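Colleague: Here you go, one structure.
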Amino acid sequence: MKKVGIIMGSDSDLPIVSKAVDMLKSFDVPYEVHIFSAHRTPVEARDFSVNARANGFGAIIAAAGMAAHLAGAIAANTTLPVIGIPCKSSVLDGMDALLSTVQMPTGIPVATVAINGAGNAALLAIQILAVEDKELAARLDEKRKTDAAAVLKKDAELEI
Ligand code: RP5
């Protein structure tokens with residue numbers, strides 16, 4: 001199976017990113033996690049991106065806050081799918097990172113999830129890998145059923 005790369009701009013993003021890691025672990029999807037910054041370590045961020053396909057990655061998740069250029073900078077250097085997580089890490093409550101991540105120019109797409117949406121970033125990466133992996137797709141279907149059953153149980157137990 002292809003790996004998912006998870007890149008975060010700073011170790012301060014780890015509490016958010018760990019939710020993506022947990023989701024990938026729950027599906028037994030192989031992953032690598034790195035701290036590379038578009039601004040502080042641009043050479044390492046570029047080198048990872050340029051070599052990601054050859055190194056066995058199938059999708060890349062990029063998490064960053066503030067002037068969050070990491071996902072776009074990675075996407076500029078690979079045609080693998082890149083999923084951006086805008087992290088809430090400043091006085092602007094993540095709106096700065098959301099707009100920096102989502103407003104990509106035509107030609108260099110970044111699939112942006114919600115502010116701090118690490119769980120969905122991982123699920124989207126898994127869905128990308130599942131396009132060519134029937135067993136993984138079946139496990140995604142199973143999770144949808146389990147999640148729906150949990151909501152219906154809460155509905156049945158609702159006492160208001
Ligand atoms: C971004 O700046 C990082 O992704 C982080 O969300 C934010 C703040 O980084 P630190 O100053 O906490 O290292 O590049």
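Coordinate-derived values only; no laboratory data. Predicted model only: the values in this text are computed from it and were never measured. Backbone-built Cβ (ideal geometry, glycine too); neighbour counts: all protein chains shown.
Colleague: What angle, in degrees between 0 and 90 and rounded to the nearest 10, separates the Cα long axis of helix 14-26 from the longest principal axis of the Cα atoms of the chain?
Modeller: So the inclination is approximately 60 degrees.
Colleague: Grab the beta carbon distance between A137 and L14, set R0 = 30 Å, and tell me the FRET efficiency rounded to 0.05.
Modeller: Taking R0 as 30 Å, the efficiency between A137 and L14 is 0.50.
Colleague: What do you get for the angle between helix 134-157 and the principal long axis of the chain? Use alpha-carbon atoms, 0 to 90 degrees, nearest ten.
Modeller: 50
Colleague: Calculate how steeply helix 118-130 sits against the longest principal axis of the alpha-carbon atoms of the chain, using the helix alpha-carbon long axis, and give the answer as 0 to 90 degrees to the nearest 10.
Modeller: Roughly 90 degrees, rounded to the nearest 10.
Colleague: Measuring from centroid to centroid over Cα atoms, what is the spacing of the range 16-66 and the range 104-123 in Å?
Modeller: The range 16-66 and the range 104-123 have Cα centres spaced 13 Å from each other.
Colleague: Between L99 and Q127, 0.36 nm times their residue separation minus their Cα-Cα distance comes to what?
Modeller: 7.6 nm
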